[in-house]
Amino acid sequence: MINKLKKQILLACAVLAISGSGQATTVYLRDTPASGHFAAGLSQTGVGSINNSWSGRAGTLDLELSLTSPSTDFFSLLTYCIDPVRTLSVGPANGNGSSFELLSMLSYFSIYTPAVADPTATTNNIQKLWANAYADSKTTDTKAAAFQFLLWEYIADYASFNLDTGVVKVTNAAVKAQANAWNSAMTSWTSTANLSVISGYDTKQSFIYEPGGTGTNETVPEPGTYAMIGAGLICLGYFRRK
């Protein structure tokens, strides 16, 4: 009877660890004191438009991330927006940060952007783009803007890639050329990045996050890691008692 119960508990722990990859964890974001959101030298205006109306700065965002609130344990995060229509809203510099939800990219597209016809394909495109072009995107204004608009194109115009029509339009010739070049290179890229989303739910902007990636100065567990840690503690506690 005891052996049977042990096997059942081990099975439950394994299922919890595997299924945890789509679960969400609360994190906190705030602005950095000096940048005003955008990383210096990596933003550009007049690149294009969203839904024929919005036209503003596009590029790498310089934010700070924490796992607890209130907290002084914030670390830097260079990131890009993932939602082309939501308002950018994070906590003020030196504050406690605004709460966000950390979850897998595939879960984000399935939960918060159900209009995306193929969440898996969209996730794969972004993971390949990030792995192969993210570092290069931070080198010039043009490349940073191209990277941001290309992300939005994959998300908002998933059915047909065209930077001249649809929800996302790029009017700056240099930015458009760079975005098209990266998109054309997609077929030859093989490496992918393991990405998550810092989600603003249905009300505010969300951001791409690579756990342990070059955009941060500290490693943060992936969303599913918390579930695996919990599963391990449950199992350990049971067998220690026995």
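Of note:
- Candidate set from the stretch 156-214 (those that are in contact with a Gly (Cβ under 6 Å, 6 or more places away or on another chain) and touching a residue at least 40 places away in the same chain (Cβ under 8 Å)); member that is farthest from LEU65 (Cα to Cα): THR171
- Residue check for THR87: closer than 21 Å to TYR209 by Cβ, touching a Leu at 6+ places or on another chain (Cβ under 9 Å), surrounded by fewer than 18 Cβ atoms within 10 Å (Cβ to Cβ) and not small (Gly, Ala, Ser): no
- Selection within the stretch 87-105 - farther than 21 Å from SER196 by Cβ and of a type in the set (A, V, I, L, M): ALA93
- Summed over the stretch 23-44, residues that are over 16 Å from LEU88 (Cα atoms) and hydroxyl-bearing (Ser, Thr, Tyr) total 2.
- Residues satisfying the stated conditions in the stretch 159-179, i.e. buried (at least 16 other Cβ atoms within 10 Å of the Cβ) and in a helix (DSSP H, G or I): ALA174, VAL175, LYS176, GLN178, ALA179
- Restricting the stretch 16-41 to residues that are modelled with pLDDT of 90 or more and within 13 Å of VAL197 (Cα to Cα), the residue that is surrounded by the fewest Cβ atoms within 10 Å (Cβ to Cβ): THR26
- The stretch 77-88, residues that are of a type in the set (S, T, N, Q) and either at pLDDT below 90 or over 20 Å from THR25 (Cβ atoms) (or both): THR87
- Residues in the stretch 92-103 include at least one that is touching a helix residue (DSSP H, G or I) at 6+ places or on another chain (Cβ under 8 Å) and either farther than 21 Å from ASN51 by Cα or in a helix (DSSP H, G or I) (or both).
- For the stretch 117-148, the candidate set comprises residues that are of a type outside the set (A, V, I, L, M), more than 15 Å from the chain's Cα centre (by Cα) and part of a helix (DSSP H, G or I); within that set, the residue that is surrounded by the fewest Cβ atoms within 10 Å (Cβ to Cβ) is ASP136.
- PRO92 vs. criteria surrounded by fewer than 17 Cβ atoms within 10 Å (Cβ to Cβ) and closer than 18 Å to GLY200 by Cα: yes
- Tally, over the stretch 51-61, of residues that are in contact with a Leu (Cβ under 6 Å, 6 or more places away or on another chain) and at negative phi: 1
- Among the residues of the stretch 42-65, not a single one is of a type in the set (Gly, Ala, Ser), closer than 20 Å to GLY212 by Cβ and modelled with pLDDT under 90.
The values are calculated or read from the model by the stated rules, or taken from the named source; none is laboratory data. Given the structure is predicted, the values throughout are model-derived calculations rather than measurements. Positions of Cβ are generated from backbone atoms using ideal geometry, with glycine treated the same way; all protein chains shown enter the neighbour counts.
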